[in-house]
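The values are calculated or read from the model by the stated rules, or taken from the named source; none is laboratory data. Everything numeric here is computed off the predicted structure, so don't read it as measured data. Using ideal geometry, Cβ is built from the backbone for each residue, glycine included, and neighbour counts are taken over all protein chains shown.
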Amino acid sequence: MRLFDTHAHLTSERFKSDRDEVIQRLTEAGVELVLLVGDASVEDQPVYPLAEAHPNFYAATGVHPHEASAWNEEVSERIIRWMAHPKSVALGEIGLDYYYDLSPREIQRQAFDEQLELAYQLKKPVILHVREAHGDATDMLTARVKAGRMPAGVMHCYTGSWESAKQYLNMGLYISFTGAVTFKNAPKLSEVAANLPADRILVETDCPYMTPVPLRGKRNEPAFVVHTAEKIAEIRGVSPEEFALQALENGKRLFGI
């Protein structure tokens, strides 16, 4: 299979001891492209040096809703600088997370909207993180669509319903699946995977999190995206190779690679 892991946290401390081996394994597994996702709430952005060191790696950075309290003009200017990097293909991950509420919701919404505006102005797609906040997120995104100021983007680590997915599709967004689609207790994700238009699906690991079956309990890594791709191919009734290539091309189109 030819694969694109569209969301990986390879600069996590959990890869510190064996990052080179992880990179070797992803190559052996057929992962042709990897999008590294960083944290713009801090000055250091290791995703960019790592992307520079590997021709098939690209990078994104943004302020996650957990870190929204750090959002200020300095962080905004930092993101603008990083978006000019030649390996920078997206702004994110950004969004709303009402499950953990690690930043006040009003501040989450402000940071989210201002980053959406930045992405629109800079003509960068966004990587969206929405958890237990689909109502507010949908309202905010719909307002942008109506105003003609909605950037392209992807709903990362999608775990919502098919009804919600249709709303996001109507906004022009892509839907990305993690290993969660392989879980036995995720029937609604199977429905989404079965019904999505072929040209709007992406796959990702979100590593080191969201490890797919049959590797639950292990630290996730890009090589494991093969299991997510195989499961979606099974759900859709196509060959794994066909589905993986379609998802690869979708990712390249969205991120301008």
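May I ask you to verify whether S164 is in contact (Cβ under 8 Å) with a residue 24 or more places away in the chain, over 15 Å from the mean Cα position of the chain (by Cα) and surrounded by 18 or more Cβ atoms within 10 Å (Cβ to Cβ)?
Working: in contact (Cβ under 8 Å) with a residue 24 or more places away in the chain: yes; over 15 Å from the mean Cα position of the chain (by Cα): yes; surrounded by 18 or more Cβ atoms within 10 Å (Cβ to Cβ): yes.
In short, yes.
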Query raised in the report: With the range 146-257 as the region, which helices (runs of 4 or more DSSP H) entirely inside it contain at least 2 residues that are acidic (D, E), at pLDDT 95 or above and on the phi < 0 side of the Ramachandran plot?
Result: 225-236, 240-255
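One residue is enough: does the range 71-82 have a residue meeting the conditions over 18 Å from A152 (Cα atoms) and among the β-branched types (V, I, T)? It would help to see each step written out before you state the result.
Start the filter on the range 71-82 by keeping residues that are over 18 Å from A152 (Cα atoms), which leaves 71-78, 81-82.
Now drop any that are not among the β-branched types (V, I, T), which leaves 75.
Yes, that holds for at least one residue.
In the set V130, V126, which member is under 22 Å from F177 (Cα atoms) and touching a residue at least 60 places away in the same chain (Cβ under 8 Å)? Walk me through how you get there before you give the answer.
Numbers: V130 fails: touching a residue at least 60 places away in the same chain (Cβ under 8 Å).
Exactly one of V130, V126 is under 22 Å from F177 (Cα atoms) and touching a residue at least 60 places away in the same chain (Cβ under 8 Å), namely V126.
Across the range 117-145, what is the number of residues that are of a type outside the set (S, T, Y) and assigned to a helix (DSSP H, G or I)? Can you show your working first?
At the first step, the residues of the range 117-145 found to be of a type outside the set (S, T, Y) are 117-119, 121-137, 139-141, 143-145.
Going one step further and asking which of them are assigned to a helix (DSSP H, G or I), we end up with 117-119, 121-122, 134-137, 139-141, 143-145.
So the count comes out to 15.
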Query raised in the report: Could you give every pair whose Cβ atoms fall below 9 Å, whose first residue belongs to the range 236-248 and is without any contact (Cβ under 8 Å) to a residue 40 or more places away in the chain and small (G, A, S), and whose second residue is part of a helix (DSSP H, G or I) and surrounded by fewer than 17 Cβ atoms within 10 Å (Cβ to Cβ), counting only separations of at least 6 or pairs across chains?
Result: G237/A194
Report summary line: Those residues of the range 173-185 that are more than 15 Å from E230 (Cβ to Cβ) and out of contact with any strand residue (DSSP E or B) (no Cβ under 8 Å at 6 or more places or on another chain) come to a total of 2
Requested in this report: Just need a number here: residues in the range 2-47 that are under 21 Å from L128 (Cβ atoms) and crowded, with 19+ Cβ neighbours inside 10 Å.
Outcome: 19
Query - Residue, surrounded by the fewest Cβ atoms within 10 Å (Cβ to Cβ), within the range 173-187, restricted to residues that are touching a residue at least 24 places away in the same chain (Cβ under 8 Å) and not hydrophobic (A, V, I, L, M, F, W, C) - result: K184
Query raised in the report: Would it be correct to say that A51 is aliphatic (A, V, I, L, M), buried (at least 24 other Cβ atoms within 10 Å of the Cβ) and over 23 Å from Y158 (Cα atoms)?
Result: yes
Query - Top-ranked residue of the range 194-242 - restricted to ones that are closer than 28 Å to V47 by Cβ and among the small types (G, A, S), ranked as surrounded by the fewest Cβ atoms within 10 Å (Cβ to Cβ) - result: G217
Report summary line: Counting only helices (runs of 4 or more DSSP H) wholly inside the range 1-116, the ones holding at least 2 residues that are of a type in the set (D, E) and either farther than 26 Å from F224 by Cα or modelled with pLDDT of 95 or more (or both) are 19-28, 73-83
